[in-house]
2 protein chains.
Amino acid sequence: MVRANAGGSTAHGSSGPAGGTNVRRRPTLRMVAELAGVSTATVSYVFSGRSGGGSGVAEATAKRVLEAAEQLNYRPNRAARTIRTGRSDTVQLSLHMLSDPWSLAVAAAVNDEANRHGLTTLILADGDWYAALERVESDVAYLDAAVGSDEVRRHLQALAERGQRLVVFSETLEPDGYDVIRSDAIPGCYLAMDHLLERHTAIGCLVAEDAVRAPEHSRYTPYLARMRERGLPVVPEHTATYANTQASAFAAAVALLSRDDRPTAIYATTDFAAIAAINAAHMLGLRVPHDVAVIGVGNTPDAQSIAPTLTTVGPTDFYRRQAEIIVARALDSGATEPRLHEFPWSLVPGGSTDLDAPPRAVRTL
Amino acid sequence: MVRANAGGSTAHGSSGPAGGTNVRRRPTLRMVAELAGVSTATVSYVFSGRSGGGSGVAEATAKRVLEAAEQLNYRPNRAARTIRTGRSDTVQLSLHMLSDPWSLAVAAAVNDEANRHGLTTLILADGDWYAALERVESDVAYLDAAVGSDEVRRHLQALAERGQRLVVFSETLEPDGYDVIRSDAIPGCYLAMDHLLERHTAIGCLVAEDAVRAPEHSRYTPYLARMRERGLPVVPEHTATYANTQASAFAAAVALLSRDDRPTAIYATTDFAAIAAINAAHMLGLRVPHDVAVIGVGNTPDAQSIAPTLTTVGPTDFYRRQAEIIVARALDSGATEPRLHEFPWSLVPGGSTDLDAPPRAVRTL
DNA sequence: TCGACGAGTCGAATCGATTCGACTCGTCCG
DNA sequence: CGGACGAGTCGAATCGATTCGACTCGTCGA
């Protein structure tokens, strides 16, 4: 027991279980302190840049500490810091479908903004909203598409009560200890329908299954409402539903466009479904927008990376601004009250409905 | 100092800084223990399901503890657990571009597998590889596209030495305290070129900027090599470069396909570039594959969600199996030695090169 | 009747950092 | 020459959980 520890280079660790697993332990702040011949407090001050009782750490001391840390290849232990300070420098995201461009855009924007402020992004859950609630634990958590059920409300309240900072995206919830980002899609959906109705009467609808099951306050309603208002027939076969996958949306679009009485325009309740519809049209030899016009909902970045570009509706500059709100809340020291952040929607014109554009950018071949 | 603490319900906190910020503190294990009238050890045993010295906790005691926890809305503090046990139940991912379907597929697959085992996924960095290295700290970290430079090797070694479990995706590194997943794209790229060369001679190349700058062991080489081997002219204008964005790839494809001497086939070094090429072709009124055939590299899920489906090369069932390796390493108790995992590539036929398919799935309209 | 045993519980040390109050010196001013 | 002061440093408590050894009781067998 007299043996000093430290013996880092004794490479003969053969008495281990199954062959020499040389798991050298991670260096700690204490080791750095010992090597530099100072107290742990001093090392901590050096790394956090803060001052002790008096002023800062003397330059010579700091240098010695940094050299020791370098030599040991020391990195502070985040968990230890978190437990002491209560800050995790972490942003959690609960998204409903990572491969949907909307979720992806949110994730990318938040990750970007978070990194800019030294925070790390955690993908909490990809779909399973209720499971996500149980694991919330970070400086701030973002919850996508929070429905306003009492159960959800209770969960959120419980989290907020124990001091968890939350930003929820919801079209129905009100701020209540947490921020609410509201970007009400429904008025935007009416804009989309109005845009199509300028030129079309036979409009098909590509809609998420959930929305058909619970149409109230869903993106399905504007379709039904506008069609009825204009006295246009709502053909049941002109509504096709899709699940949360690209393939599903694609199949639904193919079904819709393969009909002999196919619509001349498609109102898709998400951009990704709209993009699937454009691809489906191309596959079937239909020209967009001349054989079929397509409009999406969400104004996701992907809307710009298809040809023709997608006409869509959505909030402008949404992802970046939302990311700023989330990160600001993470860094906030508690002064500002949680509030409602609203993002109005507008029409974002693209080529997929622009009948006046030349039928195709024809090239001389 | 005689005052018992515990006073949770004194709600008059008005002496606070700016208005009553009622940040009720998060309940701790100790509070649960006090409320249930047991020791912290017992509560801990109840929550972790483990036994103390003897056997388990008595059923009646456990019930009392759980009720107390429920009443306080207690959730264990992860950071505290992490610091004590050394496990973070976390998987970190460093990806080069979150919106690239390859990265996205990796992220989705790992997140899925991780959740299945009670782990959480952390997006470490989206692009900035070296910044990511500094923040590695989790049960296991996955690093995408590790180049074999000495500097990278040193960094990885340092991490491994302090016990960090690592899985790196690299075509050149060898296992050295960390797992290496190798799925050498280059042989696959030759397969892709060979496939095109069966029918085509005028082949264009859509290649990432980086690869052109440093062609050795890049996906550019197979293009150059095969063209030369076949005695085909390498037209400089038939090579277009793109940066790490959809828009950039799209623009490059448009440039390539707008030429009067446009190629009859395009070899794209990633699936996402290939998809951009298909979209570009459609926009320009070109039929795929009849006016121009397109092949991608990577076999990402997106290859299936475009029309025509993308012919590509890649490892099969790669994402899921890779995710399993990563998560297995996170859960591994140190018995298995890090090793090399290889995934051979093969051709994945799709519609984008299939000249024998009917020119278009024509519908009677 | 006594001792062994084991189920159930507890006390206290511990993980690695942060942070507050206290302490040690020079230095400077009166 | 003495005391105040402040820069720089340190010791020790603390965050919230885990976990090991020790302790308390019934119970059962000899």
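Computed quantities for the displayed model
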item: Unmet requirement for B:ASN73, which otherwise passes all of (1) more than 9 Å from chain A (Cβ to nearest Cβ); (2) in contact with a helix residue (DSSP H, G or I) (Cβ under 9 Å, 6 or more places away or on another chain); (3) more than 7 Å from DNA strand D (Cβ to nearest atom); result: (1)
item: Residue in region A:143-153 that is modelled with pLDDT of 90 or more and out of contact with any helix residue (DSSP H, G or I) (no Cβ under 9 Å at 6 or more places or on another chain) present; result: yes
item: One residue from B:VAL65, B:VAL32, B:VAL106 being of a type in the set (Val, Ile, Thr) and in contact with a strand residue (DSSP E or B) (Cβ under 8 Å, 6 or more places away or on another chain); result: B:VAL106
item: Count of residues meeting criterion [modelled with pLDDT under 90 and more than 19 Å from B:PRO187 (Cα to Cα)] in region B:162-171; result: 2
item: Selection count, region B:78-118, where residues are within 16 Å of DNA strand D (Cβ to nearest atom), more than 7 Å from every other protein chain (Cβ to nearest Cβ) and surrounded by 18 or more Cβ atoms within 10 Å (Cβ to Cβ); result: 3
item: Every residue from region A:53-93 that is in a loop (DSSP other than H, G, I, E, B) and over 26 Å from A:LEU133 (Cβ atoms); result: A:GLY53, A:GLY54, A:SER55, A:GLY56, A:VAL57, A:ALA58, A:ASN73, A:TYR74, A:ARG75, A:PRO76, A:ASN77
item: Selection status of B:LEU72, among the hydrophobic types (A, V, I, L, M, F, W, C), away from DNA strand C (no atom under 16 Å from the Cβ), under 27 Å from A:ARG84 (Cβ atoms) and modelled with pLDDT of 90 or more; result: yes
item: Matching residues, region B:193-221, being assigned to a strand (DSSP E or B) and either crowded, with 23+ Cβ neighbours inside 10 Å or among the hydroxyl-bearing types (Ser, Thr, Tyr) (or both); result: B:ILE203, B:GLY204, B:CYS205, B:LEU206, B:VAL207
item: Region B:8-52, residues that are assigned to a loop (DSSP other than H, G, I, E, B), at pLDDT below 90 and more than 30 Å from A:GLU337 (Cα to Cα); result: B:GLY49, B:ARG50, B:SER51, B:GLY52
item: Helices (runs of 4 or more DSSP H) completely within region B:94-192 that count 2 or more residues being within 16 Å of the chain's Cα centre (by Cα); result: B:101-116, B:129-134
item: Failed criterion for A:ALA249 (all others in (1) surrounded by fewer than 22 Cβ atoms within 10 Å (Cβ to Cβ); (2) modelled with pLDDT under 95; (3) in contact with a strand residue (DSSP E or B) (Cβ under 8 Å, 6 or more places away or on another chain) hold); result: (1)
item: Residue selected from region A:302-330 under the condition of a type in the set (S, T, N, Q) and within 14 Å of chain B (Cβ to nearest Cβ), by the criterion most open to solvent (accessible area, probe 1.4 Å); result: A:GLN304
item: Cross-chain or 6+ apart pairs with Cβ under 9 Å, region B:98-109 first and in contact (Cβ under 8 Å) with a residue 12 or more places away in the chain, then open to solvent by 10 Å² or more (accessible area, probe 1.4 Å) and among the basic types (Lys, Arg); result: B:ALA109/B:ARG320; B:ALA109/B:ARG321
item: Residue within region B:112-130 that is farther than 30 Å from A:ALA141 by Cα and without any contact (Cβ under 8 Å) to a residue 60 or more places away in the chain present; result: no
item: Residue selected from region A:136-189 under the condition within 14 Å of chain B (Cβ to nearest Cβ) and among the polar types (S, T, N, Q), by the criterion most open to solvent (accessible area, probe 1.4 Å); result: A:GLN157
item: Filtered residues of region B:29-70 (kept if open to solvent by 70 Å² or more (accessible area, probe 1.4 Å) and more than 10 Å from DNA strand D (Cβ to nearest atom)); result: B:GLU34, B:LEU35, B:SER55, B:GLU59, B:ALA60, B:LYS63, B:ARG64, B:LEU66, B:GLU67, B:GLU70
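Per-residue answers, yes or no, for (1) modelled with pLDDT of 95 or more; (2) assigned by TED's automatic domain parsing to the domain that holds B:ILE325; (3) among the β-branched types (Val, Ile, Thr):
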site: B:LEU173; (1), (2), (3): no, yes, no
site: B:GLY177; (1), (2), (3): no, yes, no
site: B:ASP194; (1), (2), (3): yes, no, no
site: B:THR201; (1), (2), (3): yes, no, yes
site: B:ALA211; (1), (2), (3): no, no, no
site: B:HIS217; (1), (2), (3): no, no, no
site: B:ARG226; (1), (2), (3): yes, no, no
site: B:GLU229; (1), (2), (3): yes, no, no
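The values are calculated or read from the model by the stated rules, or taken from the named source; none is laboratory data. As the structure is a prediction and not an experimental result, all values here were calculated from the model. As a convention, Cβ positions derive from the backbone with ideal geometry for all residues, glycine included, and neighbour counts pool all protein chains shown. Note: accessible area is taken over every heavy atom of the protein model, side chains too, but ligands, DNA and RNA are not part of it. Shrake-Rupley method; radii C 1.70, N 1.55, O 1.52, S 1.80 Å.
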